[in-house]
Structures are given as C-alpha cells and as structure tokens.
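Asks: Sharing a structure, written as structure tokens. Questions coming.
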Amino acid sequence: MLSENNENKLKQIIHEQQFGHGLDYLMETVRQGIRLSKSRVEDYKAAGCSRIGGDPDLPADVEWPVDSKGTPMTFLAQLRLRELMDYDEASRLPANGALYFFIGIDEPAYDIEHKVLYLQEEQLQAAQRRHAPEVTALEDAFTGYQVSARSTLEPPNYGYVDYEQVEDDEHDYEHYEELCFELTGYSSNDLAMM
C-alpha cells in the first residue's frame with residue numbers, strides 16, 4: 001500500500017507521462033521501495049556501514065556461512081538498518097541491527113543457495129572487517145562500495161508486468177520502461193532494490 005504522498009506522486013507522474021490507460025493497474029501494483037546506489041569505493045575506515053561487495057564487518061563469534069557442500073558462500077552485501085530507516089516508507093525493516101547477504105553458486109539462475117544473517121545492534125559493537133576465505137562459492141572477488149539509499153516507487157519489472165495493462169496503440173514496452181525510470185529515479189549507479 002502506498003502512502004498518500006506516494007499515491008499522489010504516482011498519479012502525477014502517470015499524468016505527466018500520459019499513461020492514464022494504466023492508472024488502475026499501476027495504482028494496484030506499484031509499491032514503495034528502497035534503492036541502493038554505489039557512492040564510493042569502500043575504504044573500511046568505519047566498521048558497520050552499508051556496503052555491497054568487498055568484505056563484511058562481522059563479530060568474531062559469527063561463523064562464515066557455507067553452502068550445502070561446505071564451501072564458504074560469497075559475501076554480497078551488508079545493510080545497516082538505521083541507515084535505511086528514513087527511506088523505509090513502508091516500515092518493513094527493523095529500525096536497528098544489520099542484514100548480511102551471502103550467496104552460493106548462482107548456476108542455474110533459480111533455486112540459488114543463499115543465507116541472510118540478521119545481527120542485532122548489540123552484536124555489531126564487536127563487528128570488524130572479516131576478509132573472505134580464499135575460496136568461496138563464486139570465484140570472482142567483488143570490489144566493495146559504500147552505498148547510499150533513497151525512497152522509490154517500484155513498478156512491476158519486465159518479468160512481472162502485465163503487458164496488456166501497460167501497452168496500448170500509443171504505448172509500447174519502451175514507453176513503460178521510461179515510466180519506470182521516472183518512478184524509480186533510475187541511476188546507472190543503482191546496485192540493488194528492496
């Protein structure tokens with residue numbers, strides 16, 4: 001459900017983009033979200049900030065997640081929830097603590113082994129940079145980036161949109177994609193969406 005402010009914003013953008021034919025569908029399917037964009041390469045001077053890639057900040061007593069074969073999973077991201085609180089207009093996340101995302105082998109592209117850890121704020125006091133094991137599920141090393149967050153409106157993407165609802169004689173998928181970019185404030189620095 002959208003806030004009243006975001007409902008008005010959605011109606012305004014739909015009007016500006018001349019997408020009235022899809023108004024009811026978009027009012028029903030667009031949701032409030034949070035976009036994460038890379039802001040700069042991580043320097044690891046401060047432990048516990050939100051980042052994508054690189055190494056996590058974990059307390060010594062937290063074990064590195066492994067996949068079903070016992071191979072250490074690859075670290076994807078850590079999100080300090082208090083940094084996201086102002087952008088979580090739907091209030092779906094805890095206000096404190098951190099989420100850590102790890103992934104196993106990503107082939108095939110479905111049923112991917114993964115692990116999400118939630119650490120409470122008190123546990124984060126002891127968090128320090130932990131270098132990834134020498135071998136992880138994915139062979140590549142990923143550069144760490146500090147991330148910035150922003151509130152967004154998130155329409156259904158190409159895999160989930162009902163094309164019959166957004167296309168008509170004057171609007172094809174490219175027009176819908178332009179509307180999506182406007183709604184999300186798309187940036188080439190966007191790395192993730194929640």
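Asks: Please identify every one of the GluC sites (Glu not before Pro) in segment 3-78 that sits in a loop by DSSP and has no more than 11 other beta carbons within 10 Å of its own beta carbon.
Replies: 63
Asks: Please compute the volume of the convex hull spanned by the alpha-carbon atoms of segment 1-103 and report it per residue in Å³.
Replies: Roughly 161 Å³ of hull volume per residue.
Asks: Return the single residue from 54, 20, 144 with maximal mean-square fluctuation; model: Gaussian network over the chain, springs between Cα atoms under 10 Å.
Replies: 20
Asks: Which of the chymotrypsin sites (Phe, Trp or Tyr not before Pro) across segment 1-85 are loop residues per DSSP, with 15 or fewer other Cβ within 10 Å? Kindly include the intermediate steps, with their values, before the conclusion.
Replies: On the way: sites: 19, 25, 44, 75; in loops: 19, 44.
Those that pass, being in a loop and sparsely packed, are 44.
Asks: For the chain, what D do you get in µm² per second when you plug the Kirkwood radius from alpha-carbon pairs into Stokes-Einstein at 25 °C and 0.890 mPa s?
Replies: Numbers: Rh = 18.6 Å.
Using the Kirkwood radius from Cα pairs, D works out to 132 µm²/s.
Asks: Report, to the nearest 10°, how far helix 4-16 tilts away from the longest principal axis of the Cα atoms in the chain, using its own Cα long axis and a range of 0 to 90°.
Replies: That works out to roughly 60 degrees.
Asks: Another question, if that's okay. For segment 106-194, state the semi-axes of the equivalent ellipsoid (square roots of 5 times the eigenvalues of the alpha-carbon gyration tensor), sorted largest first and rounded to whole angstrom.
Replies: 36, 18, 13
Asks: What percent does the relative contact order of segment 85-194 come to when contacts are Cα pairs within less than 8 Å and at least six residues apart?
Replies: It comes to 20 percent, rounded to a whole number.
Asks: Remind me, what semi-axes does segment 103-149 give for its equivalent ellipsoid, largest first in whole Å, using sqrt of 5 times each Cα gyration tensor eigenvalue? Provide the component values of the computation, followed by the final result.
Replies: On the way: eigenvalues 115, 45, 34 Å².
Three semi-axes, in Å: 24, 15, 13.
Asks: Just to confirm the number: angle between the C-alpha axis of helix 173-184 and the first principal axis of the chain, 0 to 90 degrees, nearest 10?
Replies: 60
Asks: Could you check the spin-label model distance between residue 126 and residue 45? Points 7 Å from the Cα along Cα→Cβ, value in nm.
Replies: It works out to 2.8 nm between the two label points.
Asks: Express in whole angstrom the spacing between the alpha-carbon centres of segment 170-187 and segment 79-155.
Replies: Answer, in whole Å: 28.
Asks: Let me ask another. Per residue, how large is the accessible surface of the chain? Use a 1.4 angstrom probe and give square angstrom.
Replies: 61
Asks: Now for a separate question. What's the carbon and sulfur percent of the chain's accessible surface, probe 1.4 angstrom, rounded to a whole number?
Replies: Carbon and sulfur: 46 percent of the exposed surface of the chain.
Asks: Continuing with this model, one more query. Loop only by DSSP, 14 or fewer other Cβ within 10 Å of the Cβ. Give me the trypsin sites (Lys or Arg not before Pro) in segment 27-123 that pass, ordered by residue number. Let's see the in-between values first.
Replies: Working: sites: 31, 35, 38, 40, 45, 51, 69, 80, 82, 92, 115; in loops: 45, 69, 92.
Loop-located and lightly packed - 45, 69, 92.
The values are calculated or read from the model by the stated rules, or taken from the named source; none is laboratory data. Just so you know, these numbers come straight off a predicted model, no measurement behind them. A quick note on method: Cβ atoms are made from the backbone with ideal geometry, for glycine too, and the neighbour counts reach across all protein chains shown. Protein only, heavy atoms only, side chains kept; ligands, DNA and RNA dropped before computing areas. Shrake-Rupley method; radii C 1.70, N 1.55, O 1.52, S 1.80 Å.
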